[in-house]
Amino acid sequence: VQLQAFGGGLVQTGGSLRLSCAASGRTFRSYSMGWFRQAPGKEREFVARINWIGGSTYYADSVKGRFTISRDNTKNTVYLQMNSLKPEDTAVYCCAADSSSSGSYLLPNRYGYWGQGTQVTVSS
């Protein structure tokens, strides 16, 4: 599966953005999907995850209540709605497909397919 994330940009504190991750391949709907982010000088960190059918979602504590992950399997797309953005949300955001049944879903190495990131910058 090939992934491409888009929708990033520059937004003021308190603003909103919606990221999209478009996937190619008929097997998209069989994968749980995750969003990760990486700020300059920091390690890649887990943001959110959604299971293959969209019935279960998980969030990092830092974004819980502000971000919402969703998916539309008819469009091969997963979304990340980001509200109440803060400067500390500034990072490159990447989507990824879970290709392994072992290991923690919080860790990047669980995900075998990655899209190019999209930059999100939140100004104070």
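The values are calculated or read from the model by the stated rules, or taken from the named source; none is laboratory data. No experiment lies behind these values; they were computed from the predicted model shown. Every residue, glycine among them, receives a Cβ derived from its backbone with ideal geometry; neighbour counts consider all protein chains shown. For the accessible areas, the whole protein counts, side chains as well, though only heavy atoms, and no ligand, DNA or RNA atoms are used. Shrake-Rupley method; radii C 1.70, N 1.55, O 1.52, S 1.80 Å.
Just to verify a result, which residue in the range 18-28, among those that are in contact (Cβ under 8 Å) with a residue 40 or more places away in the chain and surrounded by fewer than 21 Cβ atoms within 10 Å (Cβ to Cβ), is nearest to the chain's Cα centre (by Cα)? The selected residue is Ser20.
Restricting attention to the range 72-85, the residues that are part of a strand (DSSP E or B) and either touching a residue at least 40 places away in the same chain (Cβ under 8 Å) or under 11 Å from the mean Cα position of the chain (by Cα) (or both) total 6.
Going through the range 42-55 one residue at a time, which ones are open to solvent by 10 Å² or more (accessible area, probe 1.4 Å) and at pLDDT 95 or above? Lys42, Glu43, Arg44, Glu45, Phe46, Arg49, listed by residue number. Going by what's in this entry, would Ser102 be described as over 16 Å from Ala5 (Cβ atoms), out of contact with any Ser or Thr (no Cβ under 9 Å at 6 or more places or on another chain) and not acidic (Asp, Glu)? Yes; evaluated as a whole, the condition is true for this residue. Looking at Leu3, Leu19, Leu10, just one residue is out of contact with any Phe, Trp or Tyr (no Cβ under 7 Å at 6 or more places or on another chain) and within 16 Å of Thr118 (Cβ to Cβ), and that residue is Leu10. Residues that are more than 16 Å from Ser62 (Cα to Cα), open to solvent by less than 50 Å² (accessible area, probe 1.4 Å) and β-branched (Val, Ile, Thr) within the range 73-119 comprise Thr77, Val78, Thr118, listed in sequence order. Across the range 86-110, the number of residues qualifying as hydroxyl-bearing (Ser, Thr, Tyr) and in contact (Cβ under 8 Å) with a residue 60 or more places away in the chain comes to 3.
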